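All remarks here apply to the structure that follows.
The values are calculated or read from the model by the stated rules, or taken from the named source; none is laboratory data. Just so it is clear, the structure is predicted and the values come from calculations on it, not from any experiment. Heads up, the Cβs are rebuilt from the backbone with ideal geometry, glycines too, and the neighbour counts pull from every protein chain shown. Calculation scope for accessible area: heavy atoms of the full protein, side chains included, ligands and nucleic acids excluded. Shrake-Rupley method; radii C 1.70, N 1.55, O 1.52, S 1.80 Å.
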Amino acid sequence: MKTRRTRLLTLLAAAAAAFVMTPARAQSDTVKIGVILPMTGAQASTGRQLDAAVKLWVAQHGSKVAGKTVEVIVKDDQSLPDQTRRLAQELVVNDKVVALAGMGITPSAMAVAPIATQSKTPLVVMAAATSSITEASPFVVRSSFTLPQVAVAIAEWAHKNNIKRTVTLVADYGPGFDAEKYFAERVTLNGGQVLEKLRTPLRAPDFAPVLQKVRDAKPEALFVFLPSGQGAAFMKQFGERGLDKAGVRLIATGDVTDDDQLADMGDVALGVISSHHYSADHPSAMNKKFVADFMAANKFRPNFMAMGGYDGMRIIYKALEASKGAGGEALLAGMKGQIFESPRGPVLIDAQTRDIVQDVYIRKVEKKDGQLWNVEFDVIKAMKDPGKQK
Ligand code: DHB
């Protein structure tokens with residue numbers, strides 16, 4: 001009697017399990033993408049740009065991929081790496097996302113990389129740009145850029161323009177170290193000099209003391225890398241302290257003449273030469289459409305962060321098509337080796353390094369129709385990350 005009852009209970013339990021399994025199976029027609037961004041806090045402009053670009057991609061391309069419904073879940077990490085890690089864990093364990101994406105700053109990407117490895121979840125780094133991020137997990141794929149790419153490009157431009165004596169100023173963390181190292185190496189290799197290497201904190205930097213040091217060192221040019229969002233404050237101080245008038249030429253990565261802030265920088269930004277992978281002024285037909293659609297939806301100009309988000313979504317969508325909606329290794333395989341035309345120009349996701357190979361442009365800030373733009377005038381084609389060529 002007891003055994004019969006046990007058997008009956010087991011059957012009932014199995015039936016109940018089958019019943020609760022049904023909605024779960026129906027749900028497998030949905031694939032979820034977990035995008036973690038700094039929507040508030042010090043890097044909020046990065047989050048705002050990326051979020052707008054992800055939404056634009058979905059608006060243009062729909063929510064159906066490989067017969068499945070794509071659901072994008074956006075979470076705010078306030079650019080605090082402990083939050084990024086916790087949110088990534090929840091997205092993988094509770095939401096069962098097929099891909100993680102976003103990563104506004106390098107420490108966030110580094111905090112999530114072990115979770116990507118352990119759970120075999122592809123992690124599309126859309127913003128962070130320290131070279132070594134792609135080496136932190138075999139599941140990292142990058143749609144942004146690397147600081148060595150753009151630092152080497154501007155160092156070459158300085159050499160060609162007979163600038164010999166330089167000072168560097170970078171944010172005091174991963175991408176800043178890369179910018180400083182690769183700029184200095186190339187300048188020295190070309191027979192130039194770095195007189196001084198200055199750093200400012202990632203959070204709440206004060207540019208006054210370092211600009212005084214620049215003035216004292218009297219270089220021909222100051223090379224600057226600061227994360228997106230700090231360019232306007234820096235440019236204001238540079239002008240107020242009269243460094244431009246003292247004959248110090250400002251050269252930078254495009255993070256400083258950021259399209260998000262460029263329009264409000266004023267004339268001190270005019271003539272600044274920078275190197276970067278994206279300008280909203282890039283003259284291709286595809287970019288003109290991208291900028292027009294983006295501005296119609298958002299009323300602000302897209303910057304390089306938006307580009308990383310837009311192309312990151314492209315990489316995920318195409319990989320989902322290739323894997324027929326499956327995640328894990330199959331999804332990662334679909335990301336490797338993608339070649340496509342982006343609004344920034346032609347790009348390749350290098351299958352070996354999972355890093356982005358792209359054109360790096362030299363640009364000059366110019367005024368057109370009363371607005372400031374980074375106008376591209378030279379290009380280094382198909383540049384690999386110099387950080388991976390050791
Ligand atoms: C990173 C952040 C930025 O805002 C930027 O412009 C470049 C790099 C980073 O943390 O990797």
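Side notes on the structure shown:
- Over all projection directions, the Cα-based convex hull of region 134-243 averages an area of 7.6 nm².
- About the Cα centre, charge dipole magnitude for region 255-343 (Lys/Arg +1, Asp/Glu -1 at Cβ), debye: 460
- Set the Cα radius of gyration of region 286-390 against 2.2 N^0.38 Å, with N its number of residues, and you get 1.25.
- Rounded to the nearest 10 degrees, the angle from helix 106-119 to the longest Cα principal axis of the chain is 30 degrees.
- Highest to lowest packing among 268-278, 213-223, 304-314, 164-174, scored as the average C-beta count within 10 Å: 304-314, 268-278, 164-174, 213-223
- Taken about its Cα centre, region 37-176 carries a charge dipole of roughly 320 debye when the Cβ of each Lys and Arg holds +1 and the Cβ of each Asp and Glu holds -1.
- FRET efficiency estimate (nearest 0.05) - Cβ-Cβ, Ala233 to Leu195, R0 22 angstrom: 0.35
- Computed packing ranks the peptides 368-377, 294-303, 140-149 as 140-149, 294-303, 368-377, most packed first, by mean other Cβ atoms within 10 Å.
- Positive end of the dipole of the chain (Cβ unit charges, origin at the Cα centre): among Val167, Trp57, Gly271, the Cα lying farthest that way belongs to Trp57.
- More than 35 angstrom apart: percent of Cα pairs within the chain: 28
- Carbon and sulfur %, accessible surface of region 135-265 computed with the full protein complex present, 1.4 Å: 48
- For the chain, size of Cβ-based charge dipole, Lys and Arg +1, Asp and Glu -1, in debye: 1260
- C-alpha long axis of helix 44-61 to longest principal axis of the chain, angle in °: 60
- Positive-pole candidate from Ala296, Val248, Gln237, dipole of region 212-316, charges at beta carbon: Val248
- With the largest listed first and rounded to whole Å, the semi-axes of the equivalent ellipsoid of region 221-358 from the Cα gyration tensor are 35, 17, 12.
- Relative contact order (percent, whole number), the chain, Cα cutoff 8 Å, 6+ residue spacing: 17
- DSSP finds beta bridges in the chain, and of those with both partners inside it, around 40 percent are antiparallel.
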